[in-house]
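Reading through the C-alpha cells given below for one structure.
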Amino acid sequence: MPTLNAADCAALIEALTTVAAHAAQTILDLAATARTRIKADGSPVTAADDGAEAVICAALERLAPAVPIISEEQAAREKPKTVERGSYFLVDPLDGTREFVAGRDEYTVNIALLTEGVPLLGIIAAPARAIVWRGIVGQGAERIAGLCSGPGSPIHTRALPQAAPIILVSRSHLDPKTQAYVERFPQAKLMPSGSSMKFCYLAEGSADLYPRLAPTRDWDVAAGHALLKAAGGEISAPDASPLRYGTAELVIPGFVASGEAITA
C-alpha cells in the first residue's frame with residue numbers, strides 16, 4: 001500500500017476539494033427526488049447518498065488508483081477490508097442523512113485521507129450552505145465560500161473559556177453519557193447541530209467542545225479529526241488516549257473534540 005505524507009496531501013487537496021464539491025452538487029441535484037430507504041442497521045439512506053458516493057469513488061480511483069477507499073454505503077453492502085498499513089481514503093458521501101431527509105441544511109460530504117491509521121487530510125463540504133472546510137495536519141485549515149477549490153480564508157480554533165463554553169451536541173444522537181458529560185459545565189451554552197458540521201464550528205473557533213460518548217463510525221469522524229487538528233484543536237478518546245481507526249467494525253466508541261489540548 002502507498003504511504004502518503006503531508007506533502008502528498010498538499011499536492012492532492014485542490015483536486016480532492018473539487019471532488020467534494022461535485023459530490024455536494026450531486027446531492028443538491030437529487031434532493032427533490034431522493035427517496036428514503038432503511039439499511040440493515042436501522043439508519044436511513046437515499047439515492048443522494050448513493051449518487052455522491054459514486055462520484056467520489058470514481059474520482060478517487062482516477063486521482064490515486066493505488067490508494068484504497070473505504071466508504072460508508074459500500075461498507076453497508078459488503079464488509080470492507082481494513083487497512084493496517086499505508087494510506088487510505090475514508091469517505092462519508094452524505095453525513096447527516098436524517099437532517100437531509102428532514103429538509104435541514106446540516107448535512108455534509110466527508111473525505112479524509114489517513115496514513116498508518118492517523119487522519120492527515122480532511123475535507124468537509126456543506127452542500128446546502130455552499131461552504132467547504134478543509135485542512136492538512138501541520139499545514140493549517142481554511143474555509144472556502146462556494147462549492148469550489150482555490151484559496152480560502154484561514155481558520156483556527158480558540159482556547160476553551162474558563163466559564164460558559166459553547167458545547168456542540170448532536171441534534172439526533174444525544175445519549176445519556178454525553179448528557180452527563182455536558183452537565184459538568186453548568187454554565188455552558190449548548191449548540192445542537194447535525195453531521196460533521198460540528199467539527200467545522202470547532203475548527204473555525206465558533207464553539208469550544210464537542211463530546212460524543214456513544215459509538216459512531218470511522219467515516220463520521222476522520223475528516224473532522226484532520227480538519228480540527230489542522231486548525232489547532234484536538235480530539236481523543238474520553239480517557240484522553242488517541243482515537244483508534246481501522247478496527248474490524250470500523251467503530252469509534254466515543255470521543256471528545258476541543259479547540260485545545262485535552263486532558264483526562
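The values are calculated or read from the model by the stated rules, or taken from the named source; none is laboratory data. Here the structure is a predicted model, which means the values were calculated and not measured. Reconstructed Cβ throughout: ideal geometry from the backbone, glycine too, with neighbour counts over all protein chains shown. The protein model used for the area step is the full one, side chains on, heavy atoms only, and it has no ligands, DNA or RNA in it. Shrake-Rupley method; radii C 1.70, N 1.55, O 1.52, S 1.80 Å.
Over region 15-118, what lengths in whole Å, largest first, do the semi-axes of the equivalent ellipsoid take, defined as the square roots of 5 times the eigenvalues of the alpha-carbon gyration tensor?
One finds semi-axes of 24, 16, 11 Å for region 15-118.
Can you give me the % of accessible surface on region 9-74 that is carbon or sulfur? Probe 1.4 Å, all protein chains present, nothing else counted.
Whole-percent figure for carbon plus sulfur exposure: 57.
Could you tell me the distance between the Cα centroids of region 63-84 and region 186-262, to the nearest Å?
22 Å
For Val118 paired with Arg85, estimate the spin-label separation in nm (one decimal), with each label point 7 Å from Cα along the Cα-to-Cβ line.
Here the answer is 1.8 nm between the modelled labels.
In the chain, once you exclude exposed GluC sites (Glu not before Pro) (DSSP loop, at most 15 other Cβ within 10 angstrom), what's the longest stretch remaining?
For GluC sites (Glu not before Pro) (loop position, at most 15 other Cβ atoms within 10 Å), the longest site-free span of the chain is 1-77.
Quick check: convex hull of the Cα atoms in region 31-76, volume per residue, rounded to a whole Å³?
57 Å³
What FRET efficiency would be calculated for the residue pair Glu183, Ala102, taking the C-beta separation as r and a Förster radius of 30 Å, to the nearest 0.05?
0.65
Taking only protein heavy atoms into account and a 1.4 Å probe, give the accessible area per residue of region 12-165 in Å².
Per residue, region 12-165 has an accessible area of 44 Å².
Below 8 Å between Cα atoms, with a sequence gap of 6+, how large is the relative contact order for the chain in percent?
Averaging sequence separation for qualifying contacts and normalising by length gives 18 percent for the chain.
Given the C-alpha atoms of the chain, compute the convex hull and give its volume per residue in Å³.
So the per-residue Cα hull volume is 114 Å³.
In nm, give the distance between the simple-model label positions of Met1 and Ala54, each being 7 Å from the Cα along the Cα-to-Cβ direction.
Going from the Met1 label point to the Ala54 one covers 2.8 nm.
Rounded to the nearest 5, what % of the DSSP beta bridges within the chain are antiparallel ones?
About 80 percent, rounded to the nearest 5.
May I ask you to give the percent of accessible area on region 113-172 that is carbon plus sulfur, with a probe radius of 1.4 Å?
On region 113-172, the fraction of accessible area on carbon and sulfur atoms equals 55 percent.
So which trypsin sites (Lys or Arg not before Pro) in region 189-264 end up in coil per DSSP with only 15 or fewer other C-beta atoms within 10 Å?
Sites meeting the loop and neighbour criteria: Arg244.
Under a plain spin-label model, where a point goes 7 Å from the Cα along Cα-to-Cβ, how far apart in nm are Glu249 and Leu28?
3.8 nm
If each residue of separation counts as 0.36 nm, what is the full-extension length gain between Arg35 and Ser172 once their alpha-carbon separation is subtracted?
The Arg35-Ser172 span can extend by a further 47.3 nm.
For region 201-264, take the alpha-carbon Rg, divide it by the Kirkwood Rh, and send me Rg/Rh.
0.94
Across region 1-56, how large is the tail of the calculated P(r) beyond 17 Å, expressed as a percent of all Cα pairs?
Result: 54 percent of Cα pairs exceed 17 Å.
Once Rh for region 61-188 is found with the Kirkwood sum over Cα pairs, what is the Stokes-Einstein diffusion coefficient at 4 °C and 1.567 mPa s, in µm²/s?
This corresponds to a translational diffusion coefficient of 75 µm²/s.
Restricting to DSSP H runs of at least four residues, report the calculated mean residue ellipticity at 222 nm for the chain, -39500 (n - 2.57) per run over all residues, nearest 500 deg cm²/dmol.
Computed mean residue ellipticity for the chain: -9500 deg cm²/dmol.
Suppose the Debye formula is applied to equal point scatterers at every Cα of region 129-264; what is log10 I(q)/I(0) at q = 0.10, 0.18, 0.22 Å⁻¹?
Taking Cα atoms of region 129-264 as identical point scatterers yields -0.30, -0.99, -1.42.
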